[in-house]
Amino acid sequence: MRLVVVSNRVTIPDRHEKATAGGLAVALREALERHGGLWFGWSGVVGAARQLRETQRGNVTYAVTDLSEAERESYYLGFSNRALWPIMHYRLGLTEFQRSDYMGYLGVNRRFARELAGMIRPDDVIWIHDYHLIPLAAELRRRGVTNRIGYFHHIPWPSADTLTALPFSATLVRTLAAYDLIGMQTQLDTRNLIDCLMTLCGAKSDGRRVRLGARETVVQPFPIGIDVEAFRRLAAASARQAATPLRATRESLGERKLVIGVDRLDYSKGIVQRLEAFGQFLRSHPEERGRVGLLQIAPPSRSDVPEYAELDRMSDEVAGRLNAQLGEFDWTPIRVVKKAYSRTALAGLYRRAQVGLVTPMRDGMNLVAKEYIAAQNPVDPGVLVLSRFAGAAQQLGEALIVNPYDTHEVAEAIRTALAMPKSERIRRFEALYHVIETSGIHWWTRRYLEALTDAPAAAEDAEPPRKAGAKAEQPARRAGARNRPAVPERGEAKGAAAGAGRKRVSTPAETSHLTLVR
Ligand code: ADQ
(Lines give C-alpha, C1' and ligand atoms only; values in the text may rest on other atoms or scores of the structure.)
Protein backbone atom coordinates (compact mmCIF):
# COMPACT_ATOMS: atom_id res chain seq x y z
CA MET A 1 0.00 0.00 0.00
CA ARG A 2 1.00 3.63 -0.51
CA LEU A 3 -0.08 6.29 2.02
CA VAL A 4 -1.59 9.56 0.87
CA VAL A 5 -1.87 12.29 3.53
CA VAL A 6 -3.91 15.42 2.89
CA SER A 7 -3.83 18.44 5.20
CA ASN A 8 -4.69 22.10 4.81
CA ARG A 9 -1.04 23.14 5.01
CA VAL A 10 1.96 21.20 3.79
CA THR A 11 5.52 22.07 4.72
CA ILE A 12 8.11 20.56 2.43
CA PRO A 13 11.16 19.52 4.43
CA ASP A 14 14.38 21.17 3.46
CA ARG A 15 16.66 18.87 1.44
CA HIS A 16 19.42 19.23 4.00
CA GLU A 17 17.13 19.41 6.97
CA LYS A 18 18.33 17.16 9.74
CA ALA A 19 16.04 14.29 10.54
CA THR A 20 13.70 15.45 13.22
CA ALA A 21 11.36 13.94 15.74
CA GLY A 22 8.71 15.18 18.05
CA GLY A 23 5.46 16.27 16.51
CA LEU A 24 2.52 15.36 14.37
CA ALA A 25 4.11 16.63 11.15
CA VAL A 26 7.16 14.49 11.79
CA ALA A 27 5.14 11.41 12.76
CA LEU A 28 3.15 11.70 9.55
CA ARG A 29 6.32 12.17 7.57
CA GLU A 30 7.71 9.01 9.15
CA ALA A 31 4.55 7.07 8.30
CA LEU A 32 4.81 8.32 4.71
CA GLU A 33 8.42 7.23 4.50
CA ARG A 34 7.54 3.84 5.95
CA HIS A 35 4.92 3.14 3.29
CA GLY A 36 6.12 5.40 0.52
CA GLY A 37 3.71 8.18 -0.04
CA LEU A 38 2.24 11.41 -1.17
CA TRP A 39 1.46 14.49 0.95
CA PHE A 40 -0.98 16.88 -0.65
CA GLY A 41 -2.28 20.31 0.40
CA TRP A 42 -1.92 24.08 0.37
CA SER A 43 1.60 25.44 0.05
CA GLY A 44 0.80 28.35 2.36
CA VAL A 45 1.37 30.71 -0.58
CA VAL A 46 -1.36 33.03 -1.84
CA GLY A 47 -0.94 33.89 -5.48
CA ALA A 48 -2.32 33.87 -8.96
CA ALA A 49 -0.54 30.73 -10.15
CA ARG A 50 -2.36 27.73 -8.80
CA GLN A 51 -0.67 24.87 -10.61
CA LEU A 52 0.33 21.84 -8.63
CA ARG A 53 4.01 21.66 -7.71
CA GLU A 54 5.62 18.34 -6.88
CA THR A 55 8.78 17.87 -4.85
CA GLN A 56 10.39 14.52 -4.20
CA ARG A 57 12.12 13.75 -0.88
CA GLY A 58 13.23 10.12 -0.73
CA ASN A 59 10.17 7.97 -1.34
CA VAL A 60 7.74 10.77 -0.45
CA THR A 61 6.21 13.15 -2.98
CA TYR A 62 5.02 16.52 -1.69
CA ALA A 63 2.35 17.98 -3.97
CA VAL A 64 1.31 21.51 -3.12
CA THR A 65 -0.94 24.09 -4.64
CA ASP A 66 -1.33 27.81 -3.91
CA LEU A 67 -4.62 29.48 -3.04
CA SER A 68 -5.93 32.56 -4.78
CA GLU A 69 -6.64 35.57 -2.59
CA ALA A 70 -10.38 34.91 -2.95
CA GLU A 71 -9.92 31.27 -1.93
CA ARG A 72 -7.90 32.19 1.12
CA GLU A 73 -10.55 34.71 2.14
CA SER A 74 -13.55 32.38 1.72
CA TYR A 75 -12.21 28.87 2.33
CA TYR A 76 -9.53 29.52 4.95
CA LEU A 77 -10.29 32.75 6.81
CA GLY A 78 -14.02 32.70 6.15
CA PHE A 79 -15.73 29.36 6.44
CA SER A 80 -12.92 27.41 8.17
CA ASN A 81 -11.84 29.99 10.71
CA ARG A 82 -14.79 32.33 11.16
CA ALA A 83 -17.55 29.69 11.00
CA LEU A 84 -16.31 26.13 11.64
CA TRP A 85 -13.59 26.91 14.21
CA PRO A 86 -15.84 28.88 16.61
CA ILE A 87 -18.88 26.62 16.30
CA MET A 88 -16.80 23.48 16.81
CA HIS A 89 -15.44 25.16 19.97
CA TYR A 90 -18.99 25.81 21.21
CA ARG A 91 -18.73 29.57 20.55
CA LEU A 92 -21.98 30.35 18.76
CA GLY A 93 -21.61 34.05 19.52
CA LEU A 94 -18.40 34.24 17.50
CA THR A 95 -19.66 32.18 14.57
CA GLU A 96 -20.01 34.21 11.37
CA PHE A 97 -21.57 32.61 8.34
CA GLN A 98 -21.51 33.92 4.77
CA ARG A 99 -22.86 31.88 1.90
CA SER A 100 -20.02 33.07 -0.30
CA ASP A 101 -17.49 31.69 2.22
CA TYR A 102 -19.24 28.33 2.25
CA MET A 103 -19.23 28.25 -1.56
CA GLY A 104 -15.51 29.06 -1.53
CA TYR A 105 -14.90 26.27 1.00
CA LEU A 106 -16.71 23.75 -1.17
CA GLY A 107 -14.91 25.12 -4.23
CA VAL A 108 -11.44 24.58 -2.77
CA ASN A 109 -12.37 21.08 -1.61
CA ARG A 110 -13.65 20.35 -5.13
CA ARG A 111 -10.46 21.69 -6.71
CA PHE A 112 -8.26 19.72 -4.29
CA ALA A 113 -10.26 16.57 -5.14
CA ARG A 114 -9.85 17.22 -8.86
CA GLU A 115 -6.09 17.66 -8.55
CA LEU A 116 -5.63 14.78 -6.15
CA ALA A 117 -7.87 12.26 -7.94
CA GLY A 118 -5.46 12.13 -10.89
CA MET A 119 -2.62 11.09 -8.62
CA ILE A 120 -4.41 8.29 -6.74
CA ARG A 121 -3.27 4.72 -7.41
CA PRO A 122 -5.40 1.63 -6.79
CA ASP A 123 -3.44 0.53 -3.70
CA ASP A 124 -3.42 3.97 -2.02
CA VAL A 125 -4.86 4.54 1.43
CA ILE A 126 -5.88 8.16 1.92
CA TRP A 127 -5.73 9.98 5.28
CA ILE A 128 -7.33 13.43 5.39
CA HIS A 129 -6.78 15.86 8.28
CA ASP A 130 -9.08 18.34 9.93
CA TYR A 131 -12.04 20.62 9.51
CA HIS A 132 -10.79 22.50 6.45
CA LEU A 133 -11.28 19.33 4.42
CA ILE A 134 -14.48 17.70 5.68
CA PRO A 135 -16.12 17.31 2.22
CA LEU A 136 -12.95 16.16 0.44
CA ALA A 137 -13.75 12.43 0.54
CA ALA A 138 -17.24 13.02 -0.88
CA GLU A 139 -15.67 15.00 -3.73
CA LEU A 140 -13.14 12.23 -4.35
CA ARG A 141 -15.92 9.61 -4.39
CA ARG A 142 -17.78 11.70 -6.98
CA ARG A 143 -14.72 11.37 -9.16
CA GLY A 144 -14.76 7.60 -8.82
CA VAL A 145 -12.15 7.13 -6.10
CA THR A 146 -12.99 3.87 -4.31
CA ASN A 147 -9.88 3.59 -2.11
CA ARG A 148 -10.11 3.49 1.66
CA ILE A 149 -10.33 7.04 2.96
CA GLY A 150 -9.93 8.10 6.59
CA TYR A 151 -10.46 11.44 8.31
CA PHE A 152 -9.07 12.73 11.60
CA HIS A 153 -10.79 15.62 13.31
CA HIS A 154 -8.27 17.51 15.47
CA ILE A 155 -10.71 19.84 17.20
CA PRO A 156 -13.86 19.26 19.30
CA TRP A 157 -17.19 18.26 17.80
CA PRO A 158 -20.20 19.97 19.42
CA SER A 159 -23.71 18.64 20.00
CA ALA A 160 -26.22 18.46 17.14
CA ASP A 161 -28.18 21.25 18.78
CA THR A 162 -25.21 23.61 18.60
CA LEU A 163 -24.09 22.57 15.13
CA THR A 164 -27.50 23.12 13.54
CA ALA A 165 -27.04 26.88 14.05
CA LEU A 166 -24.62 26.63 11.13
CA PRO A 167 -26.50 26.87 7.84
CA PHE A 168 -25.98 23.80 5.64
CA SER A 169 -24.67 21.82 8.61
CA ALA A 170 -26.75 18.75 7.69
CA THR A 171 -25.35 18.81 4.14
CA LEU A 172 -21.83 19.16 5.43
CA VAL A 173 -22.21 16.40 8.04
CA ARG A 174 -23.68 14.08 5.41
CA THR A 175 -20.47 14.32 3.36
CA LEU A 176 -18.67 12.54 6.22
CA ALA A 177 -20.38 9.31 5.20
CA ALA A 178 -17.92 9.17 2.30
CA TYR A 179 -15.16 8.18 4.76
CA ASP A 180 -14.43 4.62 5.87
CA LEU A 181 -12.97 5.68 9.22
CA ILE A 182 -13.44 8.89 11.20
CA GLY A 183 -11.06 9.47 14.12
CA MET A 184 -12.01 11.86 16.90
CA GLN A 185 -10.03 13.04 19.94
CA THR A 186 -12.45 11.90 22.68
CA GLN A 187 -15.51 9.78 23.45
CA LEU A 188 -17.59 12.94 23.81
CA ASP A 189 -16.64 14.16 20.33
CA THR A 190 -17.37 10.69 18.96
CA ARG A 191 -20.81 10.60 20.58
CA ASN A 192 -21.61 14.11 19.38
CA LEU A 193 -20.63 13.34 15.79
CA ILE A 194 -22.59 10.09 15.68
CA ASP A 195 -25.57 11.93 17.15
CA CYS A 196 -25.26 14.61 14.42
CA LEU A 197 -25.17 11.93 11.72
CA MET A 198 -28.27 10.30 13.20
CA THR A 199 -30.38 13.35 14.00
CA LEU A 200 -29.39 15.61 11.09
CA CYS A 201 -28.99 12.98 8.38
CA GLY A 202 -31.08 10.01 9.52
CA ALA A 203 -28.12 7.63 9.83
CA LYS A 204 -28.34 4.40 11.86
CA SER A 205 -25.61 3.49 14.33
CA ASP A 206 -24.60 0.91 16.93
CA GLY A 207 -22.39 3.49 18.64
CA ARG A 208 -19.34 2.81 16.47
CA ARG A 209 -20.46 1.90 12.99
CA VAL A 210 -22.66 4.42 11.23
CA ARG A 211 -24.77 3.44 8.27
CA LEU A 212 -26.01 6.15 5.92
CA GLY A 213 -27.50 5.07 2.61
CA ALA A 214 -25.24 2.44 1.08
CA ARG A 215 -22.17 3.43 3.09
CA GLU A 216 -20.83 2.29 6.43
CA THR A 217 -18.40 4.45 8.37
CA VAL A 218 -16.60 3.64 11.62
CA VAL A 219 -16.37 6.57 14.07
CA GLN A 220 -14.16 6.22 17.13
CA PRO A 221 -11.72 8.10 19.38
CA PHE A 222 -7.97 8.10 18.75
CA PRO A 223 -6.55 10.57 21.31
CA ILE A 224 -3.49 12.17 19.78
CA GLY A 225 -0.17 12.15 21.63
CA ILE A 226 3.37 13.52 21.41
CA ASP A 227 6.83 12.04 20.97
CA VAL A 228 7.36 11.73 24.72
CA GLU A 229 10.84 10.30 24.65
CA ALA A 230 12.14 12.95 22.24
CA PHE A 231 10.62 15.72 24.33
CA ARG A 232 11.93 14.26 27.58
CA ARG A 233 15.44 14.12 26.13
CA LEU A 234 15.19 17.70 24.90
CA ALA A 235 14.16 18.97 28.30
CA ALA A 236 16.86 17.01 30.09
CA ALA A 237 19.49 18.30 27.65
CA SER A 238 18.23 21.84 28.03
CA ALA A 239 18.81 21.60 31.78
CA ARG A 240 22.46 20.63 31.20
CA GLN A 241 23.42 23.06 28.46
CA ALA A 242 25.12 26.36 29.21
CA ALA A 243 23.44 29.00 27.02
CA THR A 244 19.82 27.92 27.03
CA PRO A 245 16.63 29.86 27.66
CA LEU A 246 16.36 27.72 30.76
CA ARG A 247 19.56 29.13 32.16
CA ALA A 248 18.62 32.67 31.14
CA THR A 249 15.24 32.26 32.80
CA ARG A 250 16.89 30.92 35.91
CA GLU A 251 19.07 34.01 36.04
CA SER A 252 16.21 36.42 35.48
CA LEU A 253 13.88 34.70 37.95
CA GLY A 254 16.38 33.83 40.63
CA GLU A 255 14.67 31.70 43.25
CA ARG A 256 11.21 32.79 42.16
CA LYS A 257 8.74 30.15 41.14
CA LEU A 258 7.40 30.06 37.61
CA VAL A 259 3.93 29.35 36.29
CA ILE A 260 3.86 28.81 32.52
CA GLY A 261 1.21 29.03 29.79
CA VAL A 262 2.02 28.20 26.15
CA ASP A 263 -0.61 28.60 23.44
CA ARG A 264 -1.32 29.98 20.03
CA LEU A 265 -3.05 33.31 20.65
CA ASP A 266 -6.56 31.94 20.19
CA TYR A 267 -9.77 32.63 22.10
CA SER A 268 -10.35 28.90 22.58
CA LYS A 269 -7.24 28.75 24.77
CA GLY A 270 -8.63 30.94 27.58
CA ILE A 271 -5.57 33.19 27.79
CA VAL A 272 -7.30 36.33 29.05
CA GLN A 273 -9.29 34.32 31.63
CA ARG A 274 -6.01 32.69 32.73
CA LEU A 275 -4.32 36.06 33.27
CA GLU A 276 -7.31 37.16 35.33
CA ALA A 277 -7.12 33.95 37.38
CA PHE A 278 -3.45 34.58 38.09
CA GLY A 279 -4.32 38.10 39.22
CA GLN A 280 -7.04 36.66 41.46
CA PHE A 281 -4.51 34.21 42.94
CA LEU A 282 -2.15 37.06 43.83
CA ARG A 283 -4.97 39.09 45.34
CA SER A 284 -6.22 36.15 47.43
CA HIS A 285 -2.71 35.14 48.54
CA PRO A 286 -0.71 38.34 49.01
CA GLU A 287 2.08 36.39 50.70
CA GLU A 288 2.89 34.91 47.25
CA ARG A 289 3.52 38.32 45.67
CA GLY A 290 7.11 38.71 44.67
CA ARG A 291 7.68 34.96 44.97
CA VAL A 292 6.14 33.70 41.73
CA GLY A 293 5.58 34.94 38.18
CA LEU A 294 3.44 33.88 35.22
CA LEU A 295 5.13 33.52 31.84
CA GLN A 296 2.55 33.37 29.06
CA ILE A 297 3.96 32.50 25.64
CA ALA A 298 1.40 33.21 22.95
CA PRO A 299 2.46 33.78 19.35
CA PRO A 300 -0.32 35.46 17.33
CA SER A 301 -2.16 33.36 14.77
CA ARG A 302 -4.79 34.27 12.15
CA SER A 303 -4.33 37.99 12.77
CA ASP A 304 -6.50 38.72 9.70
CA VAL A 305 -9.55 37.51 11.64
CA PRO A 306 -10.85 40.46 13.74
CA GLU A 307 -11.50 38.37 16.87
CA TYR A 308 -7.82 37.44 16.98
CA ALA A 309 -6.63 41.03 16.70
CA GLU A 310 -9.03 41.91 19.52
CA LEU A 311 -7.68 39.08 21.66
CA ASP A 312 -4.14 40.32 21.04
CA ARG A 313 -5.14 43.76 22.30
CA MET A 314 -7.04 42.39 25.29
CA SER A 315 -4.25 40.14 26.52
CA ASP A 316 -1.86 43.14 26.49
CA GLU A 317 -4.41 45.25 28.28
CA VAL A 318 -5.19 42.72 31.02
CA ALA A 319 -1.52 41.88 31.62
CA GLY A 320 -0.70 45.61 31.74
CA ARG A 321 -3.50 46.35 34.19
CA LEU A 322 -2.59 43.46 36.52
CA ASN A 323 1.10 44.33 36.42
CA ALA A 324 0.30 47.94 37.27
CA GLN A 325 -2.02 46.92 40.12
CA LEU A 326 0.05 44.15 41.64
CA GLY A 327 3.68 44.58 40.52
CA GLU A 328 6.62 46.00 42.46
CA PHE A 329 9.65 47.92 41.23
CA ASP A 330 11.67 44.69 41.32
CA TRP A 331 8.95 42.19 40.35
CA THR A 332 6.66 41.92 37.33
CA PRO A 333 3.91 39.35 38.03
CA ILE A 334 2.99 38.57 34.41
CA ARG A 335 5.12 38.43 31.30
CA VAL A 336 3.40 37.91 27.97
CA VAL A 337 5.74 36.94 25.14
CA LYS A 338 4.33 36.76 21.63
CA LYS A 339 6.95 34.72 19.84
CA ALA A 340 7.24 31.18 18.57
CA TYR A 341 10.09 29.36 20.29
CA SER A 342 12.11 26.32 19.29
CA ARG A 343 11.18 22.95 20.77
CA THR A 344 14.40 23.04 22.79
CA ALA A 345 13.55 26.39 24.32
CA LEU A 346 9.98 25.34 25.12
CA ALA A 347 11.11 22.07 26.69
CA GLY A 348 13.56 23.92 28.93
CA LEU A 349 10.97 26.46 30.00
CA TYR A 350 8.40 23.78 30.79
CA ARG A 351 10.95 22.04 32.96
CA ARG A 352 11.81 25.22 34.83
CA ALA A 353 8.12 25.92 35.61
CA GLN A 354 6.65 24.64 38.88
CA VAL A 355 3.16 24.89 37.38
CA GLY A 356 1.90 24.25 33.84
CA LEU A 357 -1.29 26.25 33.42
CA VAL A 358 -3.32 24.75 30.56
CA THR A 359 -6.81 26.19 30.80
CA PRO A 360 -8.53 26.28 27.40
CA MET A 361 -12.23 27.07 27.32
CA ARG A 362 -12.49 24.15 24.86
CA ASP A 363 -9.77 22.18 23.08
CA GLY A 364 -9.65 19.06 20.92
CA MET A 365 -6.76 17.51 22.85
CA ASN A 366 -4.10 20.10 23.82
CA LEU A 367 -0.59 18.89 23.22
CA VAL A 368 0.96 21.50 25.50
CA ALA A 369 -0.45 19.60 28.51
CA LYS A 370 1.38 16.47 27.37
CA GLU A 371 4.59 18.35 26.51
CA TYR A 372 4.62 19.90 29.98
CA ILE A 373 4.47 16.46 31.61
CA ALA A 374 7.09 14.99 29.27
CA ALA A 375 9.53 17.79 30.11
CA GLN A 376 9.43 17.44 33.91
CA ASN A 377 12.31 16.35 36.07
CA PRO A 378 11.10 12.99 37.48
CA VAL A 379 12.66 13.59 40.89
CA ASP A 380 11.25 17.11 41.29
CA PRO A 381 8.34 17.50 38.88
CA GLY A 382 5.99 20.43 38.46
CA VAL A 383 2.21 20.24 38.62
CA LEU A 384 -0.19 20.42 35.68
CA VAL A 385 -3.35 22.49 36.12
CA LEU A 386 -5.68 21.41 33.33
CA SER A 387 -9.05 22.56 32.04
CA ARG A 388 -11.79 19.95 32.13
CA PHE A 389 -12.72 21.15 28.64
CA ALA A 390 -9.43 20.08 27.04
CA GLY A 391 -9.68 16.65 25.43
CA ALA A 392 -6.49 15.82 27.36
CA ALA A 393 -8.48 15.93 30.63
CA GLN A 394 -10.16 12.67 29.58
CA GLN A 395 -6.77 10.95 29.90
CA LEU A 396 -4.89 13.09 32.42
CA GLY A 397 -7.11 12.75 35.47
CA GLU A 398 -4.16 13.10 37.87
CA ALA A 399 -3.66 16.72 36.86
CA LEU A 400 -5.47 19.36 38.93
CA ILE A 401 -8.63 19.56 36.85
CA VAL A 402 -10.35 22.96 36.79
CA ASN A 403 -13.26 24.78 35.20
CA PRO A 404 -11.66 27.70 33.33
CA TYR A 405 -14.88 29.71 33.62
CA ASP A 406 -14.39 29.74 37.42
CA THR A 407 -11.60 32.25 38.09
CA HIS A 408 -11.63 31.45 41.79
CA GLU A 409 -11.20 27.72 41.18
CA VAL A 410 -8.25 28.27 38.83
CA ALA A 411 -6.65 30.70 41.31
CA GLU A 412 -6.96 28.14 44.12
CA ALA A 413 -5.56 25.37 41.91
CA ILE A 414 -2.46 27.51 41.27
CA ARG A 415 -2.08 27.89 45.02
CA THR A 416 -2.56 24.11 45.59
CA ALA A 417 -0.04 23.29 42.87
CA LEU A 418 2.61 25.63 44.29
CA ALA A 419 2.16 24.21 47.78
CA MET A 420 1.97 20.55 46.81
CA PRO A 421 4.40 18.27 48.66
CA LYS A 422 7.08 16.62 46.57
CA SER A 423 5.81 13.07 47.24
CA GLU A 424 2.40 13.94 45.83
CA ARG A 425 3.91 15.74 42.85
CA ILE A 426 5.96 12.66 42.04
CA ARG A 427 2.98 10.32 42.41
CA ARG A 428 0.85 12.42 40.07
CA PHE A 429 3.68 12.91 37.60
CA GLU A 430 4.37 9.18 37.36
CA ALA A 431 0.72 8.38 36.67
CA LEU A 432 0.50 11.12 34.03
CA TYR A 433 3.79 10.18 32.41
CA HIS A 434 2.64 6.59 32.12
CA VAL A 435 -0.43 7.70 30.18
CA ILE A 436 1.38 9.95 27.73
CA GLU A 437 4.15 7.42 27.24
CA THR A 438 1.75 4.60 26.40
CA SER A 439 -0.27 6.70 23.97
CA GLY A 440 2.39 8.68 22.15
CA ILE A 441 2.34 9.97 18.61
CA HIS A 442 3.78 6.81 17.06
CA TRP A 443 1.18 4.68 18.85
CA TRP A 444 -1.47 7.02 17.52
CA THR A 445 -0.29 6.96 13.90
CA ARG A 446 0.08 3.20 13.91
CA ARG A 447 -3.27 2.52 15.54
CA TYR A 448 -5.08 4.85 13.18
CA LEU A 449 -3.48 3.38 10.09
CA GLU A 450 -4.10 -0.17 11.27
CA ALA A 451 -7.74 0.66 11.81
CA LEU A 452 -7.97 2.32 8.40
CA THR A 453 -6.25 -0.39 6.45
CA ASP A 454 -7.23 -3.41 8.43
CA ALA A 455 -10.68 -2.55 9.83
CA PRO A 456 -12.87 -3.79 11.35
CA ALA A 457 -10.82 -6.12 13.60
CA ALA A 458 -8.10 -3.55 14.26
CA ALA A 459 -10.60 -0.80 14.80
CA GLU A 460 -12.46 -2.65 17.49
CA ASP A 461 -9.65 -2.75 20.02
CA ALA A 462 -8.20 0.67 19.35
CA GLU A 463 -9.48 1.88 22.72
CA PRO A 464 -7.75 4.97 24.06
CA PRO A 465 -5.61 4.46 27.17
CA ARG A 466 -7.49 5.05 30.38
CA LYS A 467 -7.30 8.04 32.63
CA ALA A 468 -4.23 8.34 34.77
CA GLY A 469 -4.96 6.92 38.15
CA ALA A 470 -6.87 4.01 36.68
CA LYS A 471 -5.03 0.72 36.81
CA ALA A 472 -2.25 0.34 34.28
CA GLU A 473 -3.61 -0.91 31.00
CA GLN A 474 -3.70 -4.57 30.35
CA PRO A 475 -2.01 -4.94 27.01
CA ALA A 476 -5.19 -5.64 25.06
CA ARG A 477 -4.60 -8.31 22.46
CA ARG A 478 -5.88 -7.86 18.99
CA ALA A 479 -8.42 -10.35 17.92
CA GLY A 480 -6.49 -11.05 14.79
CA ALA A 481 -3.35 -12.77 13.72
CA ARG A 482 -0.77 -10.20 14.78
CA ASN A 483 -1.34 -10.47 18.49
CA ARG A 484 0.26 -7.12 19.21
CA PRO A 485 -0.55 -5.10 22.36
CA ALA A 486 -2.84 -2.12 21.74
CA VAL A 487 -0.70 -0.09 24.12
CA PRO A 488 3.04 -0.20 23.48
CA GLU A 489 5.38 -1.54 26.10
CA ARG A 490 8.14 0.80 27.21
CA GLY A 491 10.28 1.63 24.19
CA GLU A 492 8.10 -0.14 21.68
CA ALA A 493 7.08 3.07 19.96
CA LYS A 494 10.72 3.68 19.20
CA GLY A 495 11.11 0.33 17.50
CA ALA A 496 7.88 0.70 15.59
CA ALA A 497 8.88 4.09 14.28
CA ALA A 498 12.13 2.71 13.05
CA GLY A 499 10.22 0.43 10.72
CA ALA A 500 11.86 -2.40 8.85
CA GLY A 501 15.50 -1.45 8.81
CA ARG A 502 14.79 2.26 8.37
CA LYS A 503 17.08 4.71 10.06
CA ARG A 504 15.28 6.21 13.01
CA VAL A 505 15.26 9.95 13.23
CA SER A 506 16.73 11.11 16.45
CA THR A 507 17.16 14.85 16.66
CA PRO A 508 14.19 16.56 18.24
CA ALA A 509 12.21 18.85 16.00
CA GLU A 510 12.55 22.56 15.89
CA THR A 511 9.30 22.78 14.03
CA SER A 512 6.00 22.14 15.72
CA HIS A 513 2.51 21.09 14.98
CA LEU A 514 1.77 24.79 14.49
CA THR A 515 3.06 24.53 10.96
CA LEU A 516 0.88 21.63 9.94
CA VAL A 517 -2.76 22.50 9.93
CA ARG A 518 -3.37 25.79 11.67
P1 ADQ B 1 -3.51 23.63 18.46
O2 ADQ B 1 -4.78 24.40 18.64
O3 ADQ B 1 -2.46 24.32 17.71
O4 ADQ B 1 -3.79 22.20 17.78
P5 ADQ B 1 -2.08 22.26 20.73
O6 ADQ B 1 -2.56 20.87 20.76
O7 ADQ B 1 -1.85 22.81 22.08
O8 ADQ B 1 -3.06 23.27 19.98
O9 ADQ B 1 -0.74 22.29 19.93
C10 ADQ B 1 0.02 23.46 19.85
C11 ADQ B 1 1.44 23.11 19.46
O12 ADQ B 1 2.10 24.31 19.12
C13 ADQ B 1 2.22 22.48 20.61
O14 ADQ B 1 3.06 21.49 20.10
C15 ADQ B 1 3.03 23.65 21.16
O16 ADQ B 1 4.26 23.30 21.72
C17 ADQ B 1 3.24 24.48 19.94
N18 ADQ B 1 3.38 25.88 20.34
C19 ADQ B 1 2.47 26.66 20.96
N20 ADQ B 1 3.01 27.89 21.22
C21 ADQ B 1 4.27 27.86 20.74
C22 ADQ B 1 5.33 28.82 20.71
N23 ADQ B 1 5.24 30.04 21.24
N24 ADQ B 1 6.48 28.45 20.13
C25 ADQ B 1 6.62 27.22 19.60
N26 ADQ B 1 5.66 26.27 19.61
C27 ADQ B 1 4.50 26.60 20.17
C28 ADQ B 1 -4.95 21.53 17.28
C29 ADQ B 1 -6.12 21.39 18.23
C30 ADQ B 1 -5.68 20.73 19.52
C31 ADQ B 1 -5.02 19.37 19.20
C32 ADQ B 1 -3.97 19.52 18.12
C33 ADQ B 1 -3.45 18.16 17.66
O34 ADQ B 1 -6.69 22.66 18.50
O35 ADQ B 1 -6.77 20.55 20.40
O36 ADQ B 1 -4.41 18.88 20.38
O37 ADQ B 1 -4.49 20.19 16.99
O38 ADQ B 1 -4.47 17.34 17.24
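With every protein chain in place and a 1.4 angstrom probe, the accessible-area ranking of HIS154, HIS35, largest first, reads HIS35, HIS154. The base-10 log of I(q)/I(0) for region 148-251, evaluated at q = 0.09 Å⁻¹, reads -0.38 [Debye formula, identical scatterers on Cα atoms, solvent excluded]. Label-to-label distance, MET119 versus ARG240, with points set 7 angstrom from Cα along the beta-carbon direction: 4.1 nm. A convex hull fitted around the alpha carbon atoms of region 226-355 yields 115 Å³ per residue. With a sphere of radius 13 Å drawn around the Cβ of ARG121, what net charge do the other residues whose Cβ falls strictly inside it have (Lys, Arg +1; Asp, Glu -1)? Net of charged neighbours comes to 0.
Placing unit charges on the Cβ atoms only, positive for Lys and Arg and negative for Asp and Glu, gives region 202-245 a dipole magnitude near 140 debye about its Cα centre. Normalised Debye scattering of region 182-235 at q = 0.28 Å⁻¹ gives log10 I(q)/I(0) of -1.04, counting only Cα atoms as equal scatterers and leaving out solvent. Evaluated with a Cβ-only charge set (Lys, Arg +1; Asp, Glu -1), region 70-221 carries a dipole of roughly 380 debye about its Cα centre, given to the nearest 20. Loop-resident trypsin sites (Lys or Arg not before Pro) (DSSP state other than H, G, I, E or B) in region 281-377 with no more than 13 further Cβ atoms inside 10 Å of their Cβ: ARG291, LYS338, LYS339.
Restricting region 87-167 to GluC sites (Glu not before Pro) that sit in a DSSP loop and have at most 16 other Cβ atoms within 10 Å of their own Cβ leaves GLU96. What the Cβ-Cβ distance of ALA214 and ARG57 gives, at R0 = 60 Å and to the nearest 0.05, is a FRET efficiency of 0.95. Quick one: net charge around MET1, please, counting Lys, Arg +1 and Asp, Glu -1 for every other residue with C-beta under 11 Å from its C-beta. Counting the neighbours of MET1, the net charge comes to +1.
Go ahead and run the numbers for FRET between ARG148 and SER423, Cβ-Cβ distance against an R0 of 56 Å, rounding to 0.05. Calculated value: 0.70. Where does the Debye-calculated log10 I(q)/I(0) of region 352-421 sit at q = 0.14, 0.25 Å⁻¹, using only Cα point scatterers of equal weight, no solvent? Taking Cα atoms of region 352-421 as identical point scatterers yields -0.37, -1.13. Within the shell defined by Cβ-Cβ distances under 13 Å, the residues around ARG143 carry a net charge of +3, with Lys and Arg each +1 and Asp and Glu each -1. If both residues of a DSSP beta bridge must be in region 1-129, then about 20% of such bridges are antiparallel. Convex hull volume per residue, computed on the Cα atoms of region 155-199, equals 70 Å³. Think of region 56-151 as a dipole: +1 on every Lys or Arg Cβ, -1 on every Asp or Glu Cβ, centred on the Cα centre; then among PHE112, ASN59, ALA137, ALA137 lies furthest on the positive end. Using 0.36 nm per residue and subtracting the Cα-Cα separation, the extra length available between MET314 and ARG388 on full extension is 24.2 nm.
Among the chymotrypsin sites (Phe, Trp or Tyr not before Pro) within region 353-425, those in coil by DSSP and having at most 16 neighbouring Cβ atoms inside 10 Å are TYR405.
The values are calculated or read from the model by the stated rules, or taken from the named source; none is laboratory data. These figures come from a predicted structure and were not determined experimentally. Note that we place each Cβ from the backbone using ideal geometry, even for glycine, and neighbour counts take in every protein chain shown. In case anyone asks, the SASA skips ligands and DNA or RNA and just uses the protein heavy atoms, side chains included. Shrake-Rupley method; radii C 1.70, N 1.55, O 1.52, S 1.80 Å.
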